[in-house]
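Reading through the structure tokens given below for one structure.
The values are calculated or read from the model by the stated rules, or taken from the named source; none is laboratory data. On a predicted model such as this, the values are computed, not experimentally measured, just so you know. Glycine gets a Cβ as well: all are built from the backbone with ideal geometry, and neighbour counts include every protein chain shown.
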Ligand code: AVI
């Protein structure tokens, strides 16, 4: 609509970096409004995501954990021991820590967007595993990133659990895998969690749980945007929507306007008509064959996978 505008009031929001303000405004003012899923994860959003992971409907976390429990010894046989374990989006480092007693890494490199989030977890882990050299890194994996020289080159294993790769668009996922491949020498590999295509009813329920935790997670985005942009979104005017798009093989999450809404922030405004939506997340689901093709396109070979009895989720290892 013509009334939606972006006035020239640079610096009106002082605490948020200008590139973030620009990214949010561009998304909110686009004809089909959208935001990046990275804005889900403020303090409340991160706690809500932890709650999602233990919901009965949200099968990925516990299914992936079962696969690791059941196939850990075989994974160690395929991957080998020692080398550098590089944990992409490490969080509390708990998933990687379960690999230490079997993969015996010489070095552990947890990476997360904020290094301060890693510090406590790394301190505790270092006490339990004093012989593993630990180097925590603060990097935004959605941007162009480079490993510093402290990260050893021999036998790197990039660990990317949780099916976070699904939150990239397929071409971004390929670019991300190519980026990893470029950081791999011949003896390197990746170990990645991939959520598989399955029945729509199961997928829809996993992203629209009965308790409304995923709805709260989605709506909390508006609170976070209010904070970042000094905007005036009223959460009660919006409704959570999530469904599996069977043509695009992805869960789509949206926030739908329950009524005509006028939103303002310093320097901008937008009208949303009733029923209009903001597209907040895609979560792509793959077939094993489809993901292997992506890995091959990125230059990986010899892939090997482990799955659960229902074939809902896969852990895939590929060599450089
Ligand atoms: C982090 N990521 C893998 C989750 C997913 O399943 O795509 C984020 C999520 N969104 C809603 N529920 C969980």
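Residue 245 is checked against (1) within 16 Å of the ligand (Cβ to nearest atom); (2) free of Cβ contacts under 8 Å to residues at least 24 places away in the same chain; (3) crowded, with 17+ Cβ neighbours inside 10 Å and fails just one. What number does that condition carry?
(3)
Anything in the range 57-75 that is within 13 Å of the ligand (Cβ to nearest atom) and surrounded by 18 or more Cβ atoms within 10 Å (Cβ to Cβ)? List them, or say none.
Within the range 57-75, 58, 59, 60, 61, 63, 64 meet the criteria.
Answer with yes or no whether residue 149 is closer than 20 Å to residue 180 by Cα, in a strand (DSSP E or B) and free of Cβ contacts under 8 Å to residues at least 60 places away in the same chain.
no
In the list 47, 54, 78, which residue meets the criterion of being surrounded by fewer than 20 Cβ atoms within 10 Å (Cβ to Cβ) and touching a residue at least 60 places away in the same chain (Cβ under 8 Å)?
78
Within the range 205-224, count every residue that is over 18 Å from the mean Cα position of the chain (by Cα), within 12 Å of the ligand (Cβ to nearest atom) and assigned to a helix (DSSP H, G or I).
Going through the range 205-224 one residue at a time, the tally reaches 1.
Enumerate the helices (runs of 4 or more DSSP H) found wholly within the range 34-106, keeping only those where 2 or more residues are more than 19 Å from the chain's Cα centre (by Cα).
Result: 59-79, 100-103.
If we keep just the residues of the range 134-172 that are surrounded by fewer than 21 Cβ atoms within 10 Å (Cβ to Cβ) and farther than 27 Å from residue 123 by Cβ, which is farthest from the ligand (Cβ to nearest atom)?
144
Just for the range 30-40: of the residues that are out of contact with any strand residue (DSSP E or B) (no Cβ under 8 Å at 6 or more places or on another chain) and closer than 15 Å to residue 253 by Cα, which one is nearest to the ligand (Cβ to nearest atom)?
38
Can you tell me which condition residue 183 does not meet? The list is (1) away from the ligand (no atom under 16 Å from the Cβ); (2) farther than 30 Å from residue 67 by Cα; (3) without any contact (Cβ under 8 Å) to a residue 40 or more places away in the chain; (4) surrounded by 16 or more Cβ atoms within 10 Å (Cβ to Cβ), and all the others hold.
Failing condition for residue 183: (2).
Regarding the range 298-306, can at least one residue be identified that is buried (at least 18 other Cβ atoms within 10 Å of the Cβ), within 16 Å of the ligand (Cβ to nearest atom) and touching a residue at least 40 places away in the same chain (Cβ under 8 Å)?
Checking the range 298-306: not a single residue is buried (at least 18 other Cβ atoms within 10 Å of the Cβ), within 16 Å of the ligand (Cβ to nearest atom) and touching a residue at least 40 places away in the same chain (Cβ under 8 Å).
Taking the stated definitions as given, is residue 77 out of contact with any strand residue (DSSP E or B) (no Cβ under 9 Å at 6 or more places or on another chain), modelled with pLDDT of 95 or more and under 27 Å from residue 309 (Cβ atoms)? Reasoning before the result, please.
Values: out of contact with any strand residue (DSSP E or B) (no Cβ under 9 Å at 6 or more places or on another chain): yes; modelled with pLDDT of 95 or more: yes; under 27 Å from residue 309 (Cβ atoms): yes.
Yes; evaluated as a whole, the condition is true for this residue.
Criterion first (away from the ligand (no atom under 12 Å from the Cβ), modelled with pLDDT under 95, surrounded by fewer than 21 Cβ atoms within 10 Å (Cβ to Cβ) and more than 19 Å from residue 165 (Cα to Cα)) does residue 267 satisfy it?
yes
Check whether at least one residue in the range 225-238 is in a helix (DSSP H, G or I), farther than 26 Å from residue 298 by Cβ and within 16 Å of the ligand (Cβ to nearest atom), and report yes or no.
no
In this structure, is residue 31 modelled with pLDDT of 95 or more and surrounded by fewer than 17 Cβ atoms within 10 Å (Cβ to Cβ)? It would help to see each step written out before you state the result.
On the way: modelled with pLDDT of 95 or more: yes; surrounded by fewer than 17 Cβ atoms within 10 Å (Cβ to Cβ): yes.
Taking the combined requirement at face value, the residue satisfies it.
Please work out which one of (1) at pLDDT 95 or above; (2) in a helix (DSSP H, G or I); (3) away from the ligand (no atom under 16 Å from the Cβ) is the condition residue 119 fails and give its number.
Single failed check for residue 119: (1).
Quick check, is residue 175 within 13 Å of the ligand (Cβ to nearest atom) and part of a helix (DSSP H, G or I)?
Against the criterion (within 13 Å of the ligand (Cβ to nearest atom) and part of a helix (DSSP H, G or I)), residue 175 does not qualify.
Looking at the range 284-309, which of its residues are more than 20 Å from residue 180 (Cβ to Cβ) and in contact with a strand residue (DSSP E or B) (Cβ under 9 Å, 6 or more places away or on another chain)? Even if it seems obvious, please write down each step before you answer.
Going residue by residue through the range 284-309, those that are more than 20 Å from residue 180 (Cβ to Cβ) are 285, 287, 289, 307-309.
Listed by number, the residues that qualify are 285, 287, 307, 308.
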